[in-house]
Protein chains: 2
Amino acid sequence: MPIETIDRVGTELDSEAARVSAEVDGFFSRLLAPTGDSREPLYEAMRHAAIGGGKRLRPLLTVAASRLFAIDPERALRVGCAIEAIHVYSLIHDDLPCMDDAELRRGKATVHRAFGEAEAVLAGDSLHALAFEIVADPETHEDPWVRSDLVLELARAAGPSGMAGGQMMDLAAEGRELDLPAITRLQQLKTGALIEYAVEAACIMNKMPAESRTPYRGYARNVGLAFQIADDLIDHSGDEAAAGKPTGRDAHAGKATFVSLLGPDRARQQASLLVSQAIEHIAAHGSEADLLRAIARFAVERDR
Amino acid sequence: MPIETIDRVGTELDSEAARVSAEVDGFFSRLLAPTGDSREPLYEAMRHAAIGGGKRLRPLLTVAASRLFAIDPERALRVGCAIEAIHVYSLIHDDLPCMDDAELRRGKATVHRAFGEAEAVLAGDSLHALAFEIVADPETHEDPWVRSDLVLELARAAGPSGMAGGQMMDLAAEGRELDLPAITRLQQLKTGALIEYAVEAACIMNKMPAESRTPYRGYARNVGLAFQIADDLIDHSGDEAAAGKPTGRDAHAGKATFVSLLGPDRARQQASLLVSQAIEHIAAHGSEADLLRAIARFAVERDR
């Protein structure tokens, strides 16, 4: 690829990421507008967690994948926000004292620190339900088959066969020696399932049968793992200011990670290989896949 | 109604409740079968909470309301189980140390006492996602409009406009003097929204537009409030063995209830009035509504 093309794509990623972030913030600001009744602390806690932070990787992936099939960007954004609602709920519950007991998230106080533990449980539960409300709303897609398929796969990605199951594996792994296949499986459930869904959702909106979605899910699976390895490398490097959250926690908790198993150099090589494979999965597409390619490269080139 | 008819209906309620309970247990046993991997503690915690306990009021209501429209009982049961999954998740999270800090639920140790707090958070989250997976599954209903409408209304009933919002109101009410309208609103969200949905779901499966569902929602709203008043009366009476959980907690927490505001006698009268109104809402139906009538009467006649 000539250098000017790479530069253009890099700039496009920055501007698209900024645009999607702003739209996600706008969506949550409208969805979580003040209630004027005694539920207000719950809504305030949700706004604290959902607005103004994070890389918005999942909505960006849905928007980028939707370009492949010329899906209406408004629809892609609504589905992306539903996925982000699931992601944010999982962060709130993950940060609870009985889980990671985190003080800081996305550079701000965690929800239970700022609003109380009971409020944090309820804010997570509320965002979880809202995600399904967004997806099942006829405004998201006029075809009820698409809506119910989007719900079905989102529930699978979020539940005990996906994210929540991966979190249980993570709990069970504390103080035990996991090998590479076990860590890979854990991460594919804990973070991979929802990232895969972010891309698969575009295929569902494009009314593709499950078997045709395979390369797109393959792209997402590779990007998800590459992102996780990059996260482990950032945690390992220990730069808290850049990460926006405490680092070195995995080593402290005695948890095996890609970095502890492979060492930083081989972990970095593995992440690069996954990115190449991800890009290979979407090789049949032309320039409409440039944003997906840029996201894949960003997965390993970022430092936070 | 002649005495023999009342007896027949009473016996029918007992046998239907037992049948639905057994079918709900069977459904969850299949859904939550052992995984054979490190997610097993999560599944064990879900089975502990979801199998073998409770009155199964919500699935029973869905099954009973589905009779009005001759809906396939298998479908009604699946939707009832999804609602029960939401109910069970809310009990698990409600019992957490940061919420009610309960030791006992349905006569057994609460999930966090038996399996740990992090596992309880994840078991609740998992059942929450599974509820939507059940409803969106084509096995539940062949019409995708019905499925996506079932999801939409379930998400509204469970989320911050419904159950989770009511739980926030309940938190905010501690140490404050609520009046009767405020308590009624709190309960309509906290427990009423899901009970209303249990009946509305039958209307959705019957493809009725929202405006035709009003009397059925009215029935459910009245039954839900009557149930809540009966719960308050049981809590007030202090019979822990019959209740299967600690009683007197509301008075201890300084929380206003229907009983603390009205006194036990007027509360009992109010519950009876609500039951009469509930039965009035379904007066247009013949014997196919007998089970709904029996459930309404049971709401106030029970002692646990």
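For residue B:115, which of the numbered conditions (1) free of Cβ contacts under 8 Å to residues at least 60 places away in the same chain; (2) surrounded by fewer than 24 Cβ atoms within 10 Å (Cβ to Cβ) fails to hold?
Exception for residue B:115: condition (1).
Report whether or not residue A:182 is more than 7 Å from every other protein chain (Cβ to nearest Cβ) and either part of a helix (DSSP H, G or I) or touching a residue at least 60 places away in the same chain (Cβ under 8 Å) (or both).
Yes; evaluated as a whole, the condition is true for this residue.
When you go through (1) outside any helix (DSSP H, G or I); (2) in contact (Cβ under 8 Å) with a residue 24 or more places away in the chain one by one for residue A:160, which number turns out not to apply?
(2) is the only condition that residue A:160 fails.
Report whether or not residue A:139 is more than 8 Å from chain B (Cβ to nearest Cβ) and closer than 30 Å to residue B:166 by Cα. It would help to see each step written out before you state the result.
Numbers: more than 8 Å from chain B (Cβ to nearest Cβ): yes; closer than 30 Å to residue B:166 by Cα: yes.
Here the answer is yes, as residue A:139 does meet what is asked.
Given the options B:66, B:21, B:29, B:15, name the one that is assigned to a helix (DSSP H, G or I), modelled with pLDDT under 95 and more than 14 Å from chain A (Cβ to nearest Cβ).
B:15
Return yes when residue B:116 is within 11 Å of another protein chain (Cβ to nearest Cβ) and on the phi > 0 side of the Ramachandran plot and no when it is not.
In short, yes.
Among A:130, A:77, which is the only one that is in a helix (DSSP H, G or I) and buried (at least 24 other Cβ atoms within 10 Å of the Cβ)?
Checking each option against the conditions leaves just A:130.
Please go through segment B:93-112 and give me each residue that is outside any loop (DSSP other than H, G, I, E, B) and more than 10 Å from chain A (Cβ to nearest Cβ), ordered by number.
Keep residues of segment B:93-112 that are outside any loop (DSSP other than H, G, I, E, B), which gives B:93-94, B:104-105, B:108-109, B:111-112.
Of everything in segment B:93-112, those that are outside any loop (DSSP other than H, G, I, E, B) and more than 10 Å from chain A (Cβ to nearest Cβ) turn out to be B:104, B:105, B:108, B:109, B:111.
Restricting to segment A:27-61, count the residues that are farther than 21 Å from residue A:132 by Cβ, surrounded by fewer than 19 Cβ atoms within 10 Å (Cβ to Cβ) and either polar (S, T, N, Q) or free of Cβ contacts under 8 Å to residues at least 12 places away in the same chain (or both).
4
Based on what the data block shows, is residue A:153 modelled with pLDDT of 95 or more, closer than 23 Å to residue A:221 by Cα, surrounded by fewer than 24 Cβ atoms within 10 Å (Cβ to Cβ) and more than 8 Å from every other protein chain (Cβ to nearest Cβ)?
Answer is yes for this residue.
Looking at A:71, A:83, A:92, can you tell me which residue is within 24 Å of residue A:212 (Cβ to Cβ) and surrounded by 22 or more Cβ atoms within 10 Å (Cβ to Cβ)?
A:83
From (1) free of Cβ contacts under 8 Å to residues at least 12 places away in the same chain; (2) assigned to a helix (DSSP H, G or I), pick out the condition that doesn't hold for residue B:82.
Among (1) free of Cβ contacts under 8 Å to residues at least 12 places away in the same chain; (2) assigned to a helix (DSSP H, G or I), the lone unmet condition for residue B:82 is (1).
Just one of the numbered conditions (1) surrounded by 23 or more Cβ atoms within 10 Å (Cβ to Cβ); (2) of a type in the set (S, T, N, Q); (3) under 30 Å from residue A:181 (Cα atoms) is not true of residue B:66; which one?
Failing condition for residue B:66: (3).
The values are calculated or read from the model by the stated rules, or taken from the named source; none is laboratory data. Note that the structure is a prediction, hence the values are computed from the model and not measured. Methodologically, a virtual Cβ is constructed for each residue, glycine included, from the backbone with ideal geometry; neighbour enumeration extends over all protein chains shown.
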